[in-house]
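First comes the structure, then the notes that go with it.
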C-alpha cells in the first residue's frame, strides 16, 4: 500500500475509533454522531453531545481510544439495503439524513468495529484494530461546526485528532505546529503595529503607520521591476454598473463572490458592484483609443483595491480577506507574441520570488465545468500554454490541474514554499480569448485589417496583503532591511546627545533610510528595549564618545553584542547598499 493511501486508511479508521470512544464515554443513547473524515494531519468527527467537550476531557477520550485498540476487534464491511441502513441508524438523525439523500441506485455499505459500533461508510478501513496499535494520536481541539456547513442547521461539536504512523511523526508535527504558532502573522503583525482588524469591517485590514511603510516599500520594489519591463500603471473605479460585469461574464459566473449595491432590485440597470477583479478596468483603458499592432504588447499594471465575499469562517488574517490589493497586470498581445510575453512574465516572477529567497513551481489549470466560449478555442489555448511550459521547464517540470482554470481561459499557477514547507498559490498567468470577444476589442494589423487581441491576465504576489502575511511568517517578523517598517532606531544616552542624534537621523533620512529617534529623557535601556520589541534592524546608541568622534555604536537585530566606533559615513553607506540591493542578509560587521 502506498504511503498516502495508508495514511488515509488508518486516519479514517481512527476517526471511527474516536467516535466509538465518545459513544462509550457519554452513552449511546446520549450521542448523535455525523461524519468523520481524514484530513491532512489526522481526522475529526462531528457529534451532538449532552454537554460541551472541554480540554479536560481530551485525555479521557484518548485513553478510551487506546483501550478500544487493545481489544483487537475485527472490522466487518457489509453491504445493506436502504431499508436495512435506515433501521440500523433509526436513532441517528444525521446518518438517517445521509442515507435518505443517497441516489436510489447507490451501493450502501456499513462497517462494524467489534459487535457494538457500526458506521455508515464507503471505506476502506483496517481489517482489525491491532493494525492501529503503535500509531500515535492526540486530540487537537474541540470546536463548534454547523451540520453540513449551514448556519441554519444543528450546531455540533467537532473533535479534531492529530494522527501519525508513529510517535516520532507526531512529535515532529507538534514541533512544527509550535514553530508555526511562533510565526503566526496574526500575532506578530499586531504586536509590531503593522496592521489591525475591526469587527465593523470583517476581513478588511487597517494598515497602521509602520505596516504601511512595509507595504509601500514592497510596492516601490514591484513598480521598479515593472517599469523595466515596459508596464504602464493605472487606477480604475472600485464601483461599476452591473452592465460592465454582465459583459465581462463575472455577473453570470462570479456574482456570489461580489459585493452588490442594488438599485430598486438586481434587475435595475443602476445596480452596481464592487469589483472583484481589475480586468474590465484595463479593457476600458485599452479601448479608449484605436490601437495598432505597433502598440502591442500593451501592458497595463494595476494595484487597485478589490473586494470578494468570503464566508466568515474562511477569513484568516491577511491570508484570506475580503478587501485586498492585487498586483494585477493585463497584457494585450497578438497570437504570435503569446509565448515571448509569458516567458517574460515568468522571468519577472523568478526575479521577484528570488529576491525573497523563495522558489516556485508551475501548474497548468485547464477548462472548468462553467467555462465560457468556444471549446476549440479553449483546446488551442491549453495546448499553447502546455507548449510554453514544456519549453521553459521541460517534460515533467510542471503539473496539470484538470478543471481548475478561470471561467474565461486556462491558466498557469505559480506555487511557492515558505520556511515551514507550506505551499502557497501565489502568482497566476491566464490566457484569455473570451473577454476580448465579449468587449469586441480590436487592433489594426500590418495589412490594415482589424484583428482581435489576446488578453493575458497575470499577478505575481496575487494578493499583496496575503504576500506580506506570508513574508511575516516566513521571516518570523524579522523582515529584510529594505522591507522592514523602521530600519534604524536611534537612542541618545542623555538629552545632551540629542543634537548629535539629530545629525545622525538627518544623514540617514537623506540616504533614504527609515529611521526613528527617541529624544526623551527616559532610561537608555528602555529605549533600546522598545526598538528591539519592534524588531528594528539596527539600534544606534549615541553618547559622548560617538558625538566626539562622529561614530555610532550599533546593536544588530538578533545579535547580543554591540559594535562600537563605526564611522557614521560607513554605517550610512551600508544602509544605502542594503536598500539598493534588496539584500536578505543583515550585516553584523561594519569594516
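Points to keep in mind about this one:
- Of all the listed residues (19, 40, 34), the sole one being within 17 Å of residue 125 (Cβ to Cβ) and either surrounded by fewer than 19 Cβ atoms within 10 Å (Cβ to Cβ) or assigned by TED's automatic domain parsing to the domain that holds residue 157 (or both) is 19.
- Here residue 314 passes the criteria (1) exposed (fewer than 15 other Cβ atoms within 10 Å of the Cβ); (2) within 24 Å of residue 437 (Cα to Cα) except the one numbered (2).
- Filter pass, residue 68 being in a helix (DSSP H, G or I), over 30 Å from the mean Cα position of the chain (by Cα), without any contact (Cβ under 8 Å) to a residue 60 or more places away in the chain and assigned by TED's automatic domain parsing to the domain that holds residue 136: no
- Residue selection: residue 225 fails the criterion of being under 21 Å from residue 474 (Cβ atoms), surrounded by 19 or more Cβ atoms within 10 Å (Cβ to Cβ) and at pLDDT 95 or above.
- Strands (runs of 3 or more DSSP E) lying entirely in the range 512-591 (those with 3 or more residues that are free of Cβ contacts under 8 Å to residues at least 40 places away in the same chain and crowded, with 16+ Cβ neighbours inside 10 Å): 515-517, 551-556
- Per-region count, the range 243-294, residues surrounded by 18 or more Cβ atoms within 10 Å (Cβ to Cβ), more than 29 Å from the chain's Cα centre (by Cα) and over 30 Å from residue 337 (Cα atoms): 1
- Selection status of residue 371, in contact with a helix residue (DSSP H, G or I) (Cβ under 9 Å, 6 or more places away or on another chain), crowded, with 16+ Cβ neighbours inside 10 Å and more than 14 Å from residue 414 (Cα to Cα): yes
- Among residues of the range 328-338, those that are part of a helix (DSSP H, G or I) and within 23 Å of residue 222 (Cα to Cα), counted: 1
- Evaluation of residue 87 against (1) in a loop (DSSP other than H, G, I, E, B); (2) surrounded by fewer than 18 Cβ atoms within 10 Å (Cβ to Cβ) (one fails), failing number: (1)
- Residues considered: 342, 388, 338. Of these, the only one that is touching a residue at least 60 places away in the same chain (Cβ under 8 Å), within 27 Å of the chain's Cα centre (by Cα), surrounded by 20 or more Cβ atoms within 10 Å (Cβ to Cβ) and on the phi < 0 side of the Ramachandran plot is 342.
- The criterion of at least 3 residues that are in contact with a strand residue (DSSP E or B) (Cβ under 8 Å, 6 or more places away or on another chain) and in contact (Cβ under 8 Å) with a residue 24 or more places away in the chain is met by the following helices (runs of 4 or more DSSP H) wholly inside the range 210-295: 279-286.
- Only listed residue being touching a helix residue (DSSP H, G or I) at 6+ places or on another chain (Cβ under 7 Å), outside the structural domain of residue 321 (by TED's automatic domain parsing) and buried (at least 16 other Cβ atoms within 10 Å of the Cβ), chosen from 461, 481: 481
- Subset tally (residues that are surrounded by fewer than 19 Cβ atoms within 10 Å (Cβ to Cβ) and more than 23 Å from residue 29 (Cβ to Cβ)) for the range 59-74: 6
- Residue in the range 304-320 that is outside the structural domain of residue 147 (by TED's automatic domain parsing), in a strand (DSSP E or B) and touching a helix residue (DSSP H, G or I) at 6+ places or on another chain (Cβ under 6 Å) present: yes
- The single residue among 423, 376 that is surrounded by fewer than 20 Cβ atoms within 10 Å (Cβ to Cβ), farther than 24 Å from residue 234 by Cβ, assigned by TED's automatic domain parsing to the domain that holds residue 288 and touching a strand residue (DSSP E or B) at 6+ places or on another chain (Cβ under 7 Å) turns out to be 423.
The values are calculated or read from the model by the stated rules, or taken from the named source; none is laboratory data. Just so it is clear, the model here is predicted, and its values are computed rather than measured. Because the Cβ atoms are built from the backbone with ideal geometry, glycine has one as well, and the counts that use them run over all protein chains shown.
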